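Engineer: Mind having a look at this structure? Questions to follow.
The values are calculated or read from the model by the stated rules, or taken from the named source; none is laboratory data. The shown structure was predicted, so the numbers you read here are calculated from the model rather than taken from an experiment. Methodologically, a virtual Cβ is constructed for each residue, glycine included, from the backbone with ideal geometry; neighbour enumeration extends over all protein chains shown. Accessible surface areas use protein heavy atoms only, side chains included; no ligands, DNA or RNA. Shrake-Rupley method; radii C 1.70, N 1.55, O 1.52, S 1.80 Å.
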Amino acid sequence: MGKEPQKIGLITTTSLVVGNMIGVGIFVLPAALAAYGSISLLGWVFTAAGALILAKIFSNFSVLVVNKSGGPYTFVRAGFGDFLGFLIAWGYWISCWVSNGAIAIAIVGALSFFFPELTTSPILSVSLGLFFIWFFTWINSRGVKTSGQVQVVTTVLKILPLLFVILLGIFFFDIANFPKFNLTGESDFATVATVATLTLYAFLGIECATIPAENVENPEVTVPRATMYGTIITTSLYILGTIVLFGILPIDILKNSPAPFAEAANLIGGEYSGYFVAIGVIISGLGVLNGWILVTGQVPLATAKDNLFPRIFKRENKKGAPIFGLIIGSVLSSIVMLMNFTEGLVDQFTFIAEITVFSVLIPYVFTAAAYALVLIQKKLHANSWVKTFVLAGLGFAYSVWAVYGSGRDTVFYGFILLLLGVPFYIMMKWNQKNKL
């Protein structure tokens, strides 16, 4: 077993939230939103409000279930027991290692801006993608402190280009560029719903401070703060960034731009500013990969400590890192990444990436419900009931809406993915029984 666990503080824990939320997608998203008109800002506000409600639930929950890693798994288990806790861990864990394969592909894609040969050489692309997955697996095997230091550096470096465009972009802002309110021809309500679904994925990761709670200093204070600070910082960057881009780039250029932030930076400070943002996109991808590999090891570690995942996942090295959990997760991520570069398997890769979205959203639904359940079990004071049920109800409603917005196929196949976990749960219970 490992020694005294390594600890991380507020800055590192906040970086884990910000770093795991801000990925490669945000650098492209404003271009997609521009096609809908400035009504897309309302979509951002709606999604941000939902994300802040969920962040508040995760913050409050981390005070109720103190010093226990696992985040959504631990919270759902506290409210609903072993079975649902296991299913949430199962789906979440799968979505983590699938996402890591997808992130590695996105990093290689971002690098092709500087090295165009990556688009024509699958061997080079695969080798580079595998290198990144295993480099950050090695970083995480050094312990949560080393991984946390990398997360702080990459988070600062990815925020800088966004701040550069936001702060200097104000001087290049022209209201004449701002898109008309609704460009779609659909009703305002339907358009806000569509845009909010598009922006939803940018908020996945709000729960990340709660996942390594046992490795956080003063978790009952640090985790809630990091969750709220991280969500507020990220939300501000998203909304301000979109507003500034809407005012800098004419709509025809913006909606067709493959790299709107780089294009805006080019306009503000010339070619080198564009490169600065393009490098920021790559660093952003590297930071996200590092942070989600950490999570991929931590969730099965917490589940295995409760004897609901195989024992191998709770084996820690001298640095206190769940070494086998990290290795197993990264082997699976590597397979997913290789699928994308294999002719004929690209569609399967896209399919797997889509259905795992359900596995990330469903923990939000049950965490919101478990929050109310745990407080009922703790026999709450009467004056807190209204606050509890309003917060839990809003979080639950928003999460159900998010699941609905993810699309019919995602929900259908995502649910089947969860059901496939049931035989494994029975095996774990059988193992527990045989040990007694």
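Engineer: Can you find a residue in segment 373-389 that is within 25 Å of Asn340 (Cβ to Cβ) and either open to solvent by 30 Å² or more (accessible area, probe 1.4 Å) or in a loop (DSSP other than H, G, I, E, B) (or both)?
Structural biologist: no
Engineer: Here's something else I'd like to know. What's the number of the only condition in (1) crowded, with 24+ Cβ neighbours inside 10 Å; (2) part of a loop (DSSP other than H, G, I, E, B) that Ile57 fails to meet?
Structural biologist: If we test Ile57 against (1) crowded, with 24+ Cβ neighbours inside 10 Å; (2) part of a loop (DSSP other than H, G, I, E, B), just (2) comes out false.
Engineer: Considering (1) touching a helix residue (DSSP H, G or I) at 6+ places or on another chain (Cβ under 9 Å); (2) open to solvent by 10 Å² or more (accessible area, probe 1.4 Å); (3) farther than 29 Å from Phe358 by Cβ, say which one Asp252 fails and leave the rest.
Structural biologist: Failing condition for Asp252: (1).
Engineer: Condition check: assigned to a loop (DSSP other than H, G, I, E, B), without any contact (Cβ under 8 Å) to a residue 60 or more places away in the chain and at positive phi. Does Gly205 satisfy that?
Structural biologist: no
Engineer: Within segment 210-222, identify whether any single residue is touching a helix residue (DSSP H, G or I) at 6+ places or on another chain (Cβ under 6 Å), assigned to a helix (DSSP H, G or I) and farther than 28 Å from Gly85 by Cα, and answer yes or no.
Structural biologist: First, the residues of segment 210-222 that are touching a helix residue (DSSP H, G or I) at 6+ places or on another chain (Cβ under 6 Å): 210-213, 215-216, 219-220, 222.
Cutting the leftovers down to assigned to a helix (DSSP H, G or I) gives us 210, 213, 215, 219-220, 222.
Going one step further and asking which of them are farther than 28 Å from Gly85 by Cα, we end up with none.
So far as segment 210-222 goes, no, none of its residues is touching a helix residue (DSSP H, G or I) at 6+ places or on another chain (Cβ under 6 Å), assigned to a helix (DSSP H, G or I) and farther than 28 Å from Gly85 by Cα.
Engineer: Could you give me the residue pairs with C-beta distances under 9 Å whose first residue belongs to segment 245-265 and is free of Cβ contacts under 8 Å to residues at least 60 places away in the same chain, whose second residue is assigned to a loop (DSSP other than H, G, I, E, B) and surrounded by 18 or more Cβ atoms within 10 Å (Cβ to Cβ) wherever it lies, and which are 6+ apart or on separate chains?
Structural biologist: Glu263/Leu249; Glu263/Ser257
Engineer: For segment 391-414, what are the residues that are surrounded by fewer than 15 Cβ atoms within 10 Å (Cβ to Cβ) and modelled with pLDDT of 95 or more?
Structural biologist: Within segment 391-414, Gly393, Ala397 meet the criteria.
Engineer: Go over the candidates Ile312, Ile283 one by one and state the one that is open to solvent by 10 Å² or more (accessible area, probe 1.4 Å), at pLDDT 95 or above, touching a Lys or Arg at 6+ places or on another chain (Cβ under 7 Å) and part of a helix (DSSP H, G or I).
Structural biologist: Within the list Ile312, Ile283, the selection yields Ile283.
Engineer: Oh, and also: Among the numbered conditions (1) assigned to a helix (DSSP H, G or I); (2) out of contact with any Leu (no Cβ under 9 Å at 6 or more places or on another chain); (3) at pLDDT 95 or above, tell me where Thr350 comes up short.
Structural biologist: In the conditions (1) assigned to a helix (DSSP H, G or I); (2) out of contact with any Leu (no Cβ under 9 Å at 6 or more places or on another chain); (3) at pLDDT 95 or above, Thr350 misses (3) alone.
Engineer: Among the hydroxyl-bearing types (Ser, Thr, Tyr), outside any helix (DSSP H, G or I) and touching a helix residue (DSSP H, G or I) at 6+ places or on another chain (Cβ under 7 Å): is that true of Thr184 in this structure?
Structural biologist: Considered against the rule, which asks whether it is among the hydroxyl-bearing types (Ser, Thr, Tyr), outside any helix (DSSP H, G or I) and touching a helix residue (DSSP H, G or I) at 6+ places or on another chain (Cβ under 7 Å), Thr184 comes out as yes.
Engineer: Further question: Could you check Thr199 against (1) surrounded by fewer than 19 Cβ atoms within 10 Å (Cβ to Cβ); (2) within 27 Å of Phe75 (Cα to Cα) and say which number it fails?
Structural biologist: Unmet condition: (1).
Engineer: A further question on this structure: Give Leu237, Leu245 a once-over and let me know the one that is over 20 Å from the mean Cα position of the chain (by Cα) and open to solvent by less than 50 Å² (accessible area, probe 1.4 Å).
Structural biologist: Leu245
Listed here are the residues, each with its yes/no results for (1) touching a residue at least 12 places away in the same chain (Cβ under 8 Å); (2) in contact with an Asp or Glu (Cβ under 7 Å, 6 or more places away or on another chain).
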{"residue": "Lys314", "(1), (2)": "yes, no"}
{"residue": "Pro322", "(1), (2)": "yes, yes"}
{"residue": "Leu332", "(1), (2)": "yes, no"}
{"residue": "Thr342", "(1), (2)": "no, no"}
{"residue": "Val390", "(1), (2)": "no, no"}
{"residue": "Val403", "(1), (2)": "yes, no"}
